[in-house]
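Asker: One structure, as structure tokens, below. Some questions next.
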Amino acid sequence: MSKRAYLTLESWKLVRGIYGELPMRVSFFKGLPWFVTRPLVEGITLGENIYLVPDATVDVVVHELYHAVNQKMAAGVIPWFLRPAYFRYALLFVLNGFSYSRHPMEKAAREFATKNLTLQQSQIRALREG
């Protein structure tokens, strides 16, 4: 079961330094949705909701925010489950042999997070209890 969570102040400062003002309201949840398995996933973005494992670090937050911002900018007010980005994601997943590591949208998010965070900063625990 996912529970509403908030970024730590230190994580929020890093995120604001990278993204500035976000173009939408984002909600964070500690815990993954029921249909996601832990060994493979540290976070998932569904619309403006970002679900993170309890021990998520700020690099996972930056990665997932990359998805949220890009999906929102591309789709406007379309409900998240109808956004073309989700259909494109699924298609690219299939075309890349069901490989997360070769998925171009994931690769872009990983590169963005890596470019904008140092290893030291990425080890910061991202969430605090609500």
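Okay, residues lined up against (1) loosely packed, with under 14 Cβ neighbours inside 10 Å; (2) among the hydrophobic types (A, V, I, L, M, F, W, C):
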residue	(1), (2)
A5	no, yes
L9	yes, yes
R16	yes, no
Y19	no, no
F29	no, yes
F35	yes, yes
R38	yes, no
I44	no, yes
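Asker: Also, I was wondering about something else. With the requirement that a residue be over 23 Å from P84 (Cα atoms) and among the aromatic types (F, W, Y), what does region 20-53 give you?
Answerer: F29, W34
Asker: Go over the candidates I50, I44, I78, I18 one by one and state the one that is over 17 Å from K3 (Cβ atoms) and not in a loop (DSSP other than H, G, I, E, B).
Answerer: Values: I50 fails: over 17 Å from K3 (Cβ atoms); I44 fails: over 17 Å from K3 (Cβ atoms); I78 fails: not in a loop (DSSP other than H, G, I, E, B).
The conditions single out I18.
Asker: How about region 35-65: which of its residues are within 8 Å of the chain's Cα centre (by Cα) and small (G, A, S)?
Answerer: Across region 35-65, the qualifying residue is only G43.
Asker: Say whether the condition of being of a type in the set (S, T, Y) and in contact (Cβ under 8 Å) with a residue 40 or more places away in the chain is met by at least one residue in region 28-47.
Answerer: Within region 28-47, not a single residue is of a type in the set (S, T, Y) and in contact (Cβ under 8 Å) with a residue 40 or more places away in the chain.
Asker: Follow-up question, since we're still on this one. Kindly evaluate V69 against the criterion of being part of a helix (DSSP H, G or I), closer than 16 Å to K30 by Cβ, among the aliphatic types (A, V, I, L, M) and touching a residue at least 12 places away in the same chain (Cβ under 8 Å).
Answerer: Considered against the rule, which asks whether it is part of a helix (DSSP H, G or I), closer than 16 Å to K30 by Cβ, among the aliphatic types (A, V, I, L, M) and touching a residue at least 12 places away in the same chain (Cβ under 8 Å), V69 comes out as no.
Asker: Is it true that some residue in region 90-99 is in contact with an Asp or Glu (Cβ under 8 Å, 6 or more places away or on another chain) and farther than 22 Å from A126 by Cα?
Answerer: First, the residues of region 90-99 that are in contact with an Asp or Glu (Cβ under 8 Å, 6 or more places away or on another chain): none.
Looking through region 90-99, none of the residues is in contact with an Asp or Glu (Cβ under 8 Å, 6 or more places away or on another chain) and farther than 22 Å from A126 by Cα.
Asker: Go through (1) exposed (fewer than 13 other Cβ atoms within 10 Å of the Cβ); (2) part of a helix (DSSP H, G or I) and name the single condition Y89 misses.
Answerer: (1)
Readers should treat all values here as calculations from the given coordinates under stated rules, not as data from a laboratory. Since this is a predicted model, take the numbers as computed values, not measurements. Every residue, glycine among them, receives a Cβ derived from its backbone with ideal geometry; neighbour counts consider all protein chains shown.
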